[in-house]
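Here is the structure we will look at.
The values are calculated or read from the model by the stated rules, or taken from the named source; none is laboratory data. Given the structure is predicted, the values throughout are model-derived calculations rather than measurements. Here the Cβ positions follow ideal geometry from the backbone for every residue, glycine too, while neighbour counts run over all protein chains shown. Just so you know, the surface numbers come from the protein's heavy atoms only, side chains and all, with ligands and any DNA or RNA stripped out. Shrake-Rupley method; radii C 1.70, N 1.55, O 1.52, S 1.80 Å.
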Amino acid sequence: NRELQQEIELHRKTQLALEQLNHELDTRVQARTQELAQSEERFRRVVTSISDHVYAYTINLTTGDRTIEFLSPNLRDFVMFDTEKINELAYDWRENFVAPEDVEIYDQHTANLLAGRDSQVEYRLRRADGHRLWVRASVRTERLSATEIRCYGVMSNLTARKQLEQETATRQALQEIELLRSEWLGNMSHELRTPLGLIKTAATTLLAKDITIPPPMQQEILERLDQETDRLTDLVDTLLDLSRLEAARLRLNYAQTDVAAMLQELADTVLLQMRLGSLPPFQVTVTTETTPLYATLDRERMKRVVQNLLSNAMKFSPHHSPLTIDARIEDAHLVITVIDCGIGIDAADYEHIFERYYQVKQTGVNSQPGVGLGLPISREIVRAHGGEITVNSQRAGKHRKSGTTFIVRVPTAPTGVESAPF
Ligand code: ADP
């Protein structure tokens, strides 16, 4: 009986201990659950309070399927889709959210992730309302198995920064144009002042009543007046052409032209000016395939083109050096070449020299200021003829001489296409 009582007592004690244990366990589970809930709440608060958006998904390398594991609630607001919809849409992020213009760069990013590499990409995201937002996605990868990769991503909104960058770039470009324009205005005023000053002095001298000017000197002053007026007229014509080109109103006066005679006339004027001392000395030669050499073009404007090239050649070549103007017909095109043995142009500057107001940073060897309009105007005139102007040049090197060749190539007769916009 005692034994039985002892057993009952043991049983009761065990039962009690068990109940106590159970109770303790219950309390601990409750406490843990509460802790877990608190920690989840903390995580949720962290995730929703940062401006960046976090997400996680697994890619199955065999099927290419994505399993979304987490999308921060902010991300849903960010792309403006409601909760159910975004989970569905996020499976094909590329199709649904990547702006078409950035698909290529986004694909590169995906390729990195599929190869198990961490990756970062900046692209334009297309929101539900069609609005574009600049974002940066930084993704870290974790290989789960041979066929599965998990990606942890952070997405930041770069729109404000990109806008700022864009505005800064535009402002800088405008400032540069402004600077070029004011520099150009300075040069232009100088170009206008020089002949004007000479004309004024010549006129004042001729008008002076108290001095008698001997006839040969009078003749010289008059010639000077004539030349300077021509220079001014040229400058004004160039400006006029420029404004017409800007307004796309330049009309070419096509006429059958003897190019050989036109070039010879130009060379004769230049040679005369050299003899009179108003231009520095050069050996100017004209070579043409035949004489006469016919083409249908705007004679005055084409002459101006060659004149511009020739005056540049003189500006950037040493005195007494040879300058050659050549003309020939090749494949129904008139090809005029102006060759000098001057300082040459770096290949990097080939395109720039045709830009308005551009001057290579150096003063001409003969230190004549320019206005940086000769080449752009010439190119426009040649293009209006349906042709092209190109340059080939060499700077002096150890074993080579410097020099520049400008090649003008225009159809021998208008083709009809070229006159369309003018
Ligand atoms: P400008 O001669 O008034 O400066 P252009 O448009 O005619 O303007 O020429 C632009 C620039 O191209 C020149 O400032 C010069 O630096 C370069 N250039 C043009 N022709 C030559 C040449 N024959 N040799 C060397 N540099 C040249």
Count, please, the residues in the range 114-131 that happen to be surrounded by fewer than 19 Cβ atoms within 10 Å (Cβ to Cβ) and at pLDDT 90 or above. 7
Among the residues of the range 290-319, what is the count of those that are more than 20 Å from Leu375 (Cβ to Cβ) and within 16 Å of the ligand (Cβ to nearest atom)? 2
Can you tell me which residues in the range 168-202 are of a type in the set (Asp, Glu) and more than 16 Å from the ligand (Cβ to nearest atom)? Glu176, Glu178
Going residue by residue through the range 356-378, is there one that turns out to be within 30 Å of Glu176 (Cα to Cα) and at pLDDT 95 or above? no
Can you list residue pairs whose Cβ atoms sit under 7 Å apart, with the first residue in the range 308-323 being in contact (Cβ under 8 Å) with a residue 60 or more places away in the chain and under 22 Å from Asp234 (Cα atoms) and the second being open to solvent by 30 Å² or more (accessible area, probe 1.4 Å) and near the ligand (Cβ under 6 Å from one of its atoms)? Count only pairs 6 or more apart in sequence or on different chains. Phe316/Ile343
Restricting to the range 196-217, what's the tally of residues that are of a type outside the set (Val, Ile, Thr), over 17 Å from Thr233 (Cβ atoms) and open to solvent by 80 Å² or more (accessible area, probe 1.4 Å)? 6
Please find, among Leu174, Leu164, the residue that is within 30 Å of Val47 (Cα to Cα) and assigned to a helix (DSSP H, G or I). Leu164
Filtered residue count, the range 395-422, keeping only those that are modelled with pLDDT of 90 or more and within 15 Å of the ligand (Cβ to nearest atom): 7
Would you pick out the residues in the range 372-389 that are more than 13 Å from the ligand (Cβ to nearest atom) and open to solvent by 10 Å² or more (accessible area, probe 1.4 Å)? Arg383, Gly386, Gly387, Glu388
Please count how many residues of the range 340-354 are in contact with a Ser or Thr (Cβ under 8 Å, 6 or more places away or on another chain) and within 9 Å of the ligand (Cβ to nearest atom). 5
Hey, Arg251 hits all of (1) surrounded by 12 or more Cβ atoms within 10 Å (Cβ to Cβ); (2) under 35 Å from the mean Cα position of the chain (by Cα) but one; which does it fall short on? (1)
Which residue is surrounded by the fewest Cβ atoms within 10 Å (Cβ to Cβ), if the candidates are limited to the range 93-113 and must be hydrophobic (A, V, I, L, M, F, W, C) and modelled with pLDDT of 90 or more? Ala111
For Asp331: the one exception among (1) more than 8 Å from the ligand (Cβ to nearest atom); (2) modelled with pLDDT under 90: (2)
Every residue in the range 176-195 that is of a type outside the set (Asp, Glu) and surrounded by 15 or more Cβ atoms within 10 Å (Cβ to Cβ), please. Leu180, Trp184, Asn187, Met188, Leu192, Thr194, Pro195
